[in-house]
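Engineer: Starting off with a structure, shown below.
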Amino acid sequence: EYDYLIRNHPLDRDRLDELVELMVDTVCSHRETIRIAGDDYPAEVVKSRFMKLDSSHVRYVMDCMRDNTTYVRNIKKYLLAALYNAPSTISNYYSSLVQHDMYGDGKRGRG
């Protein structure tokens, strides 16, 4: 779904290419374990999860990065964790945004 993302978000091509490269490096790794957010997971589990990512997960990670206002010390580790956790957090993230937009003060994390 790379072509879809590029066609609909041409200004994000560099960021998208970085995510794709990180996913490819992870899926092609020969290590037995891969560290995600301080925990070691069997490489096959991480690879399997990455192979199931689709354009909505990648867009979600890109949206989260765009809205992030905190300093990230190790961007590679941060992105790796964000991609790994995307399938288990995407629905709640967007539900929370809808709730906020409908009933919140209109200020997304900004005071």
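We did not get these values from a lab; they are worked out from the coordinates using the rules stated. Please read all numbers here as calculations on a predicted model, not as lab measurements. Here the Cβ is made from the backbone with ideal geometry for all residues, glycine too, and neighbour counts use every protein chain on show.
Engineer: Once both axes come from the Cα atoms, what is the angle between helix 55-67 and the longest principal axis of the chain, in degrees from 0 to 90, rounded to 10?
Structural biologist: With both axes taken from Cα atoms, the answer is about 60 degrees.
Engineer: Averaging over every viewing direction, what projected area does the convex hull of the Cα atoms of the chain cover, in nm²?
Structural biologist: Average projection, Cα convex hull of the chain: 8.0 nm².
Engineer: Considering only 18, 32, 44, give the residue with the highest GNM mean-square fluctuation for the chain, with springs between Cα atoms whenever their separation is below 10 Å.
Structural biologist: Answer for the Gaussian network model of the chain: 32.
Engineer: Quick one: which residues, 5+ away or cross-chain, put their amide H under 5 Å from the amide H of residue 34? H built at 1.01 Å from N.
Structural biologist: Amide H neighbours of residue 34, under 5 Å, 5+ apart: 41, 43.
Engineer: Now for a different question. What's the local net charge at residue 53, with K and R +1, D and E -1, over the other residues with C-beta under 12 Å away?
Structural biologist: Residues close to residue 53 contribute a combined charge of +2.
Engineer: In percent, what relative contact order does the chain have, based on Cα pairs under 8 Å that are 6 or more apart in sequence?
Structural biologist: Relative contact order for the chain comes out at 25 percent.
Engineer: Quick one: 3J(HN,Hα) in Hz for segment 36-45, Karplus 6.51/-1.76/1.60 with θ = phi - 60°, rounded, Gly and Pro as x.
Structural biologist: 10, 6, x, 10, 8, 10, x, 4, 5, 5
Engineer: Let me ask something additional. Any chance you could give the angle, 0 to 90 degrees and rounded to 10, that helix 13-27 forms with the longest Cα principal axis of the chain?
Structural biologist: The answer is roughly 40 degrees.
Engineer: Rg/Rh for segment 12-57 to two decimals, with Rh computed the Kirkwood way over all alpha-carbon pairs.
Structural biologist: Answer for segment 12-57: 1.00.
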